[in-house]
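One structure is given here, and the rest of the page talks about it.
The values are calculated or read from the model by the stated rules, or taken from the named source; none is laboratory data. Predicted model, so just to flag it, every value in this text is computed and none were measured. Using ideal geometry, Cβ is built from the backbone for each residue, glycine included, and neighbour counts are taken over all protein chains shown. Surface accessibility is based on the protein's heavy atoms, side chains included, excluding ligands, DNA and RNA. Shrake-Rupley method; radii C 1.70, N 1.55, O 1.52, S 1.80 Å.
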Protein chains: 2
Amino acid sequence: MLFALLCGLVGLGGAVFLIRQVLNLPAGNERMRQIAGAIQEGAKAYLNRQIATIGAIAAVIFILLAIFRDFSTAAGFLLGAVCSLCAGYIGMRVAVVANVRTAQGATVSQKRALQAAFNGGAVTGLLVVGLALLSVGIFWLMMSWINPEKSIASLVGVALGASLISVFARLGGGIYTKAADVGADLVGKVESNLEEDDPRNPATIADNVGDNVGDCAGMAADVFETYAVALIGTVLVGALTAGLGAPVVFPFLLGGAAIIASLVGIVFVNVSNTTPTNALIGAVVVSSLLSAVFFWPLTSFLFPEGLRVRDVLSGAETVYSAGGVYFSSLLGLLMTGAAVFITNYYTATGHSPVRKIAEASVTGHATNIIAGLAVGLHATALPVLCIVASIWLSHSAAGLYGIAVAVMAMLSMSGIIISLDAFGPITDNAGGIAVMSGLPKSVRTITDELDAVGNTMKAVTKGYAIASAGLAAVVLFGSYFVDLKHHLESPASKLHLEPAQIEQALSFSLKDPKIIIGLFLGGLLPYLFSAFSMNAVGRAAGAVVTEVRRQLKQHPGILKGNDTPEYGTCVDIVTKAALKEMIVPALLPVVAVVVVAAIPDGMMILGGVLVGSIVTGLFMGISMTSSGGAWDNAKKYVEEGNFGGKGSEAHKAAVTGDTVGDPYKDTSGPAINPMIKVVNIVAILVIPIFF
Amino acid sequence: MLFALLCGLVGLGGAVFLIRQVLNLPAGNERMRQIAGAIQEGAKAYLNRQIATIGAIAAVIFILLAIFRDFSTAAGFLLGAVCSLCAGYIGMRVAVVANVRTAQGATVSQKRALQAAFNGGAVTGLLVVGLALLSVGIFWLMMSWINPEKSIASLVGVALGASLISVFARLGGGIYTKAADVGADLVGKVESNLEEDDPRNPATIADNVGDNVGDCAGMAADVFETYAVALIGTVLVGALTAGLGAPVVFPFLLGGAAIIASLVGIVFVNVSNTTPTNALIGAVVVSSLLSAVFFWPLTSFLFPEGLRVRDVLSGAETVYSAGGVYFSSLLGLLMTGAAVFITNYYTATGHSPVRKIAEASVTGHATNIIAGLAVGLHATALPVLCIVASIWLSHSAAGLYGIAVAVMAMLSMSGIIISLDAFGPITDNAGGIAVMSGLPKSVRTITDELDAVGNTMKAVTKGYAIASAGLAAVVLFGSYFVDLKHHLESPASKLHLEPAQIEQALSFSLKDPKIIIGLFLGGLLPYLFSAFSMNAVGRAAGAVVTEVRRQLKQHPGILKGNDTPEYGTCVDIVTKAALKEMIVPALLPVVAVVVVAAIPDGMMILGGVLVGSIVTGLFMGISMTSSGGAWDNAKKYVEEGNFGGKGSEAHKAAVTGDTVGDPYKDTSGPAINPMIKVVNIVAILVIPIFF
């Protein structure tokens, strides 16, 4: 355990070292720093208001938890919430100092720009992972010492804090970034023929702020959450089925070892002399291979006599070999590779799905949309088959704990994966700063090239995030079941059921109409959630369009370059809209679970709800993020000069697809990922309240 | 039973009477008859080739069934397949004689046009329902007399025949109609500024043929299937859980009584003097109320001492009151009302969802699409909540049989509902004939008004179809379970399991990873299926666009009206494309179930697959048909002069939405409905082959 925490500290140390590196890079000329300053200010202002809003909601939930559950759970919730907010804040802060330095680096060479952007992203990656490992680890040690009985419940509190805040951050940031982006594109590009990031577009600062608060802050909070929840889920399953020793320490060790492997991967990008895509993918490969090497001694050290678990289904004891546990961890690493590979196929410009969408743009807006939707539907097949295979294989190798280990191994790669993901918005912003501060065209060319790589990396990491979320949610559902069983058998249960009744209640059988009802209700949650968030983006973007049109009409000098637009009003509109619109969908999963738990037979229906939300959520998440990524790169492919190139009718159709994909891939799709976990975690938390 | 069959005969009699009525109407002038003849010929040619293709596949399946199952099942399959093909053929034949008479009627008055179109639809409605009731009833009586042991298995054969053929018909017809429609719109409306149905558009005959083979023939086969499967599902559940007496006769009686009620509804439309919408909705209300009145004496007559069932879960005997059974049938009628009401809200021009999409068109193509997608996601909520409520209430009232009775009661309304549905494509075609034969503008105005009503009716009946399919599939899954249990306990089982093993194997518990795996795999089926069919439409439409462009380029006289386009080549292209593209997706559910059944532990995974396909299929079906209907009417709303009206930028965006919605609402969405039933029926059929 100490070794794991030490690794976490090493990760934080690496992050601090990289921050110094990034800060030491030149920050460009006066004009660049001014623009970066404006973006920075907008991002900080939004994030502060978001923290205030979420803080108020978190305070209410904290009090409710303290009253209806207990203080340790509430304390855990607070820790999870604060760390999740911190992760988001860190992600944003680092990105807004790295963007201008990337733009400056691009004036020198592509290599410099790549390093500045990647190291900026790597800081976030290391900090988020280190923070998650240390906070969960130290809290667990503390609680086991102060109040061992409550230690598991309080960990669930941490998970809820992390997940719920991350839903808010993903939604708020996602609505902000896409409302600004769509709004800026619609009037700027389509109506006024302005280029991306033209300083004459009044919504352009809001658009760049959005990249930071959505793609950086939102994403960092999201990955922190996924990582923490996977860690906690594995600890839970380990503690509940295999006891408090090695099975609980193992996930921490996996995380720790992978941090060291990720550090090596980061060094690899900095020293390698290859194309950006190869360098980035190479880093993932290096980190995974190294992790695979590290994991074996750890496994054989912790489980010298194998893993002894009480099977959830039969209650019988089973002994799995250390090899089985190690095999599960390898499956997780393989899943990472598979997710990266598959999403890359469906969303990168080099492969047929994106090219078919680009080709369909020639026959118009509608065929582009139809092709993109079809790609999204199609793209669910391979990831789901891989998930199914990992569940089957890891469950055969080491039971429910095996599934949990696979998830944890998969997420142990987060450090390096976030580095790839954060890379995208940083280069995007760097391009914006380059254009707005009038740097030569060659600079924009370099940042554009990196941006295209960043687009694919962003899509790839989203595939990774949703696949891991699906698996993690399955583990959480397992924990719900195990915890519910323990609770119903304990004297604390309010229902006082006989053993036969408990067995009946816990059968969770598909032949029970209550379970079918639950599956339908749970399946509905991602649909309603996405409907709300898509509408929110549509409404907020509409408000931006109206505002930009007003400014361009009242001050005709803006388009001629004689008048400065009022950037602030657009920033203000999206800030307010994002904060207002995120609340209802974010609270939907919480309220739904509590309501179902409160109705008669709620326990059984709830079981169905949990699984139902995972099933439809997984498919929607994958198809939305894939469609969105593919549309984005189909546009890029047309802009490279294919099918008529920039300005052609095909390009206009491709821009439509890209715009439709924006809320798909950056708001609704990725927010489903923490949402299905909130559903499952809240269910675990309400067990002692209702049953 | 005889009474029920008599009602079926009365329905057929009514249909014959209406056919004479329709045929006696004047068929218009020479030009009109020519054009109608061309459409008729194209539709007949396509349907003949479709029958040949499907016939070949059906022959293979017939042989496989005869070898691996038994001859009675194969015979049942043949009957179901032939009747399903007949239903489609009838639907098409009646529509192609009613369309020109509707156009002629519109030269006199709206009332005349309404009567011709509605009575044409009503013929299909009565024939399909009468055919289903008589064929299933007579086959059941025959089999019970010849080989009572096999009678249930052979009924499942009928269900498979009906469902599988209907998947083919829905897909083939859907791909045909939408490829022609999208193709005609893209070059005709968008590129060459031609009006809808302009005779200068080379794809216009193909487009009108499509309405008949997709919306009429495909739809008739689909409803025949839903009706037959609901009937068979209820007979199955009744026979397996409550014995072969009254519980088996009851669904036939419900169907028979509802035919009489539907006849009254049809008379109502012909004599009422109100707006078209009110007349049509009024007919549904009249038929439902009358059915509710008829159902009570039937229930109390058949179940004087209530319903005695062996509960599927516990095996214990339970007695439900006749009131409970009657209550379930009322729930089914209420569900019909709810489905009509809810879909009407989301897809009619009078309500906010459609108006919001129209408003979003002002800011461009992309916002129109985002708004439409959001409406589709949102539109799942109320239908799913209603379905959940009906499952809960009908199960409480009369167990699994109660759910089945609710479904059967819901589908007993099919006669009148199809009349509404078929009304749409007939008026659509009438409008096309009016324009192409140069009738005065006033005629087109009348058919356009009726067409708008028809659009909403089509959307409404699709909501009804998918909601009833969801419920019917739940009943089929129940039958799968019951049948599997009987089979495993019988000496015929190949697995020879002990009672404890059977209980374990049939637990179908969500805590078993195999079930989760099954849910994911099953959930994937509707996604893959839709991806294939969306792509098929995109490809075929692209081929039409290329062909139309070629003709317009090679013969510039076409656009000036000096040259006649070669309509035949477009008809030929879509015919070939539809027949080729329908095969893979239609066989996907069959192959998937067989493959899963063949793997180890396939029995348990299969249980998950069945439910998984129902869960994601229901949501996709509802959201696709709702989005599509809403987009269509948003365009109509803009064309009425709102937000800039015809020719404005908003109108172009609305046309894009409508085009995207075409494959959503007329190909992929409605085909999911028979698809999820095929999955469940094939599962029942493979039980004795693999287990």
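The table below gives the values:
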item: Mean projection area, nm², convex hull over Cα of segment A:127-239; result: 8.0 nm²
item: Packing-based ranking, highest mean first, of A:671-681, B:643-653, B:257-267 given that Cβ atoms within 10 Å are counted; result: A:671-681, B:257-267, B:643-653
item: For chain B: Kirkwood Rh in Å [reciprocal of mean 1/r, alpha carbons]; result: 24.9 Å
item: 25 °C / 0.890 mPa s Stokes-Einstein diffusion coefficient of segment A:197-241, Kirkwood radius on C-alpha pairs, µm²/s; result: 189 µm²/s
item: Spin-label model distance (nm) - A:V267 vs B:V16, 7 Å beyond Cα toward Cβ; result: 9.1 nm
item: Under 19 Å from the Cα of B:K652 - lysines, other chains or at least 8 residues apart; result: A:K189, A:K652, B:K178, B:K189, B:K356, B:K635, B:K636
item: For segment A:1-79, fraction of C-alpha pairs farther apart than 17 Å, in %; result: 72 percent
item: Shielded by partner chains, segment B:386-428 residues - at least 20 Å² of accessible area, 1.4 Å probe, vs chain alone; result: B:V388, B:I391, B:W392, B:H395
item: Centroid-to-centroid separation of segment A:420-453 and segment B:365-424 [C-alpha atoms, Å]; result: 50 Å
item: Rounded to whole Hz, the Karplus (6.51, -1.76, 1.60) HN-Hα couplings of segment B:191-208, x for glycine and proline; result: 7, 9, 6, 8, 6, 4, 6, 5, x, 6, 7, x, 9, 6, 5, 4, 4, 6
item: For segment B:366-461, alpha-carbon Rg over 2.2 N^0.38 Å; result: 1.56
item: Accessible surface, segment B:139-295, averaged per residue in Å² (probe 1.4 Å); result: 25 Å²
item: Partner lysines for B:K494 [C-alpha distance under 29 Å; skip if fewer than 8 residues away on the same chain]; result: A:K511, B:K150, B:K485, B:K511, B:K514, B:K677
item: Rg(Cα) / (2.2 N^0.38 Å) computed for the protein assembly as shown, rounded to two decimals; result: 0.91
item: Inter-chain shielding of A:534-541 (mean C-beta neighbours from other protein chains, 10 Å cut-off); result: 6
item: Principal axis box of segment A:98-172, alpha-carbon based, largest edge first, Å; result: 59, 28, 12
item: B:D632 - accessible surface, heavy atoms, 1.4 Å probe, Å² rounded to 10; result: 10 Å²
item: Largest-first principal axis extents, alpha carbons of segment A:192-269, Å; result: 64, 31, 14
item: Alpha-carbon Debye profile of segment A:627-674, log10 I(q)/I(0) at 0.24 Å⁻¹; result: -0.73
item: Under the Karplus curve 6.51 cos²θ - 1.76 cosθ + 1.60, θ = phi - 60°, whole-Hz ³J(HN,Hα) for segment B:115-129, x wherever Gly or Pro sits; result: 4, 4, 5, 5, 5, x, x, 5, 4, 4, x, 5, 4, 4, 5
item: Other-copy label distances relative to B:K646, 7 angstrom Cα-Cβ extension, nm; result: 3.9
item: More than 23 Å apart - percent of Cα-Cα pairs taken over segment B:251-362; result: 49 percent
item: Listed residues A:F294, B:F295 arranged by accessible area, highest first, probe 1.4 Å; result: A:F294, B:F295
item: Distances in nm from A:L64 to the matching label points in the other copies, shortest first (labels 7 Å along Cα to Cβ); result: 5.2
item: The protein assembly as shown: calculated mean residue ellipticity at 222 nm from DSSP helix runs of at least 4, using -39500 (n - 2.57); result: -29000 deg cm²/dmol
item: Segment B:224-334 - percent relative contact order, Cα under 8 Å, separation 6 or more; result: 23 percent
item: Label distances, nm, B:N270 versus same residue in remaining copies, Cβ-directed 7 Å point; result: 8.7
item: Sequence-distant residues sharing a close amide H with A:L307 (under 5 Å, placed H); result: A:Y320, A:S321, A:A322
item: Hz values of 3J(HN,Hα) by residue in segment A:315-321 - Karplus curve (6.51, -1.76, 1.60), Gly and Pro given as x; result: x, 6, 7, 10, 10, 9, 6
item: Relative contact order, percent, chain A [alpha-carbon distance under 8 Å, six or more residues apart]; result: 21 percent
item: Sites A:E317 and B:R31 - FRET efficiency at Förster radius 60 Å, r taken between beta-carbons, to 0.05; result: 0.10
item: Residue-level accessible surface for B:W140, protein heavy atoms, 1.4 Å, Å²; result: 20 Å²
item: Contour minus Cα-Cα distance for B:V293 and B:I63 (0.36 nm per residue); result: 78.3 nm
item: Rounded to 10°, Cα long-axis angle of helix B:246-271 versus longest principal axis of chain B; result: 20 degrees
item: Alpha-carbon centroid distance for the pair segment A:324-338 / segment B:607-626, whole angstrom; result: 31 Å
item: Inter-chain shielding of A:355-365 (mean C-beta neighbours from other protein chains, 10 Å cut-off); result: 5
item: Local electrostatic count at B:L164 - Lys and Arg +1, Asp and Glu -1, tallied over other residues with Cβ under 15 Å; result: +1
